[in-house]
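The values are calculated or read from the model by the stated rules, or taken from the named source; none is laboratory data. Since the structure is predicted, the reported quantities are computational estimates derived from the model, not experimental observations. Note that each Cβ is placed from the backbone with ideal geometry, even for glycine, and that neighbours are counted across all protein chains shown.
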Amino acid sequence: MHGAIPFTRFMDLALYCPVYGYYEKEGDTIGRGGDFFTNVSVGTLFGELLARQFAEWLKGSQKSKVQSPKSKVQALREEIGTEEVGEAGQEQLQIVEAGAHRGTLAVDILSWMRENRPTLFECLEYWIIEPSLRRQEWQSKTLAGFSGQVHWASQFKEMRTGEKGGRVGKAIRGIIFCNELLDAMPIRRFGWDASRRVWFEWGVAFERECFVWTRMPLAETAGDLLALKAEMTGLRDVLPDGFTIESCPAAVRWWAEAAECLAAGKILAIDYGFTDEELLRPERRNGTVRAYRGHHLSDDVLADPGQQDLTAHVNFSAIQRAGESAGLRTDALQYQSQFLISLLEKTMVDLSSDRVQQFQTLTHPEHLGRAFRVLVQARDWSLQALA
């Protein structure tokens, strides 16, 4: 095993190495000229629909009994239907986006808010959680028109503790969301050795001038595997040799930290993903990790590290459990088509012909409608949460 590294380390370097990482490349990797399409590359409609939903959620926040003279703050309360804005404008609402790439989605959301909810827009803080200084630079250029509205932090704790200008002693009241972020977090891959009836970890070695898969021993105490081992006890007699399951502890930790930072409001994830049961189906004996390059899907995820996107389906069951363990309530886990169609029906948006085409791409089951799922969890607005 000399020279082998766990796949989670390989994926981390291939995507996020400051020098050679795929997501650190200057050229844009999304859209027709890139390697894959996303909801954002379809057009501005996706961001505008999200903005409508965010405004609706903020409007639905619970009213407090505190009364104050009508002012700019009161105008905001009347517009969004909440008393949770604080006196003299001291209490602001936040939209926090993680994984903003070049900031295009943030522009779409903020542009809609500025035009359609101007009072809310003025009292809104838009935060981007971005650990890469290079990507922060890209985003700041894209969002130059909103320079006074947008703030950056490399991680959630900077917002809580006040590091780098964060919000001292305060937690997030509003919306935390990520779009196609969790599927790009490095995963661990576990395989089944049918002859020895033990689990091992898939690692990566370098042989004959190329990267190859190799089996690495796994400690019985490996926490990422314990829950899955318990679920699969009755399946071990029929599992084929090399059957692979995946775990993403980074995504679970990220979601748990976001949940802890949410004092009141919603947390939303839009991504490729399955539930526990779906991940254990026989047809997924090799797991879900895949590579994208030039809009072509490949199983050869070890080829040309840094030159192709690597992604694995999110385990939404694990993410949901992490949020509920932090005290959140699960409001929805549904296909993107269900989420967007329901939103369109509620808001009665009149779509022009070009936007009808965008909406069809976002919701059609053969396009993005069933490829993505939406998880929404919440912590109720209350005087205690806002104290």
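Here is a list: ALA332, ALA291, ALA322. Which entry is farther than 30 Å from ILE172 by Cα and of a type in the set (A, V, I, L, M, F, W, C)?
On the way: ALA332 fails: farther than 30 Å from ILE172 by Cα; ALA322 fails: farther than 30 Å from ILE172 by Cα.
Among ALA332, ALA291, ALA322, only ALA291 is farther than 30 Å from ILE172 by Cα and of a type in the set (A, V, I, L, M, F, W, C).
Can you name every one of the strands (runs of 3 or more DSSP E) wholly within the stretch 71-175 that holds 3 or more residues which are polar (S, T, N, Q), at pLDDT 90 or above and surrounded by 19 or more Cβ atoms within 10 Å (Cβ to Cβ)?
Per the criteria, no element qualifies.
What is the residue count in the stretch 302-336 for residues that are surrounded by fewer than 21 Cβ atoms within 10 Å (Cβ to Cβ) and more than 25 Å from PHE7 (Cβ to Cβ)?
11
Which of the residues belonging to the stretch 24-56 are closer than 30 Å to GLY265 by Cβ and at pLDDT below 90?
From the stretch 24-56, those closer than 30 Å to GLY265 by Cβ are 30, 37-56; that's our starting set.
If the condition is that a residue be closer than 30 Å to GLY265 by Cβ and at pLDDT below 90, then ILE30, PHE37, THR38, ASN39, VAL40, SER41, VAL42, GLY43 are the ones that fit.
Could you tell me which residue of the stretch 256-303 is modelled with the lowest pLDDT, considering only residues that are within 22 Å of TRP213 (Cα to Cα) and hydrophobic (A, V, I, L, M, F, W, C)?
LEU280
Just the residues that are more than 16 Å from VAL96 (Cβ to Cβ) and of a type outside the set (Gly, Ala, Ser), please, taken from the stretch 122-134. Give the derivation first.
Going through the stretch 122-134, the residues more than 16 Å from VAL96 (Cβ to Cβ) turn out to be 122, 132-134.
Correct list: GLU122, LEU133, ARG134.
To keep it simple, each residue is scored yes or no on (1) over 21 Å from PHE200 (Cβ atoms); (2) buried (at least 17 other Cβ atoms within 10 Å of the Cβ); (3) among the β-branched types (Val, Ile, Thr).
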| position | (1), (2), (3) |
| --- | --- |
| GLU246 | no, yes, no |
| ALA259 | yes, yes, no |
| ALA264 | yes, yes, no |
| ILE267 | yes, yes, yes |
| ILE270 | yes, yes, yes |
| GLU277 | yes, no, no |
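May I ask you to list the residues in the stretch 281-298 that are surrounded by 17 or more Cβ atoms within 10 Å (Cβ to Cβ) and either part of a loop (DSSP other than H, G, I, E, B) or touching a helix residue (DSSP H, G or I) at 6+ places or on another chain (Cβ under 6 Å) (or both)?
Kept after step one, since they are surrounded by 17 or more Cβ atoms within 10 Å (Cβ to Cβ), are these residues of the stretch 281-298: 287-293.
Scanning the stretch 281-298 gives GLY287, THR288, VAL289.
Six or more apart or on different chains, Cβ atoms under 8 Å: show the pairs whose first residue is in the stretch 243-259 and farther than 15 Å from ASP12 by Cα and in a helix (DSSP H, G or I) and whose second is of a type in the set (Ser, Thr, Tyr) and at pLDDT 95 or above.
That search, which allows pairs on different chains as well, returns ALA256/SER325.
Consider GLU180 carefully, then state whether it is surrounded by fewer than 24 Cβ atoms within 10 Å (Cβ to Cβ), under 29 Å from the mean Cα position of the chain (by Cα) and at pLDDT below 95.
Working: surrounded by fewer than 24 Cβ atoms within 10 Å (Cβ to Cβ): yes; under 29 Å from the mean Cα position of the chain (by Cα): yes; at pLDDT below 95: yes.
Judged against the criteria, GLU180 is a match.
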